[in-house]
């Protein structure tokens, strides 16, 4: 069993959508821009094949909305923007994540009790 690889995959799968919401909190972005930004973080590197279905789920959940814009070079781009419901989901995640992270750190010994 490849624990390090499977562990990082599981952690990424559980948190990637909230990382995307956090990036959209900074302002609207188009898909390739999100892939590049996530790729700048070694542990969050993802592909367009992973990101676009995730963005579609976020849109169906009402957490992001989209708009099409002309591109200075090439075809029009679909931009993604956080909705009020998405902001609320991100706030809730942050609260839960902090508590979860602190508990795990305490139990596995990566943080003082």
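Just so it is clear, none of the values below were taken in a lab; they were calculated from the coordinates. All values derive from a computational prediction rather than experimental measurement. Neighbour counts run over all protein chains shown; Cβ positions are idealised from the backbone, glycine included.
Here is how the numbers come out for the structure above:
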quantity	calculated
Contour excess over end-to-end distance, with Cα ends at residue 50 and residue 10 and 0.36 nm allotted per residue	13.0 nm
Between helix 48-60 and the chain: long-axis angle, C-alpha atoms, 0 to 90°, nearest 10	80
Point-to-point label distance, residue 97-residue 71, nm (Cα→Cβ direction, 7 Å offset)	2.9
Förster radius 41 Å - calculated FRET efficiency between residue 32 and residue 107, Cβ distance, rounded to 0.05	0.55
Which label in (i) 52, 33, 21; (ii) 41, 37, 19; (iii) 41, 28, 20 gives the computed Cα extents along the principal axes in Å	(i)
Residues 8, 99 arranged by fewest to most Cβ contacts within 10 Å	99, 8
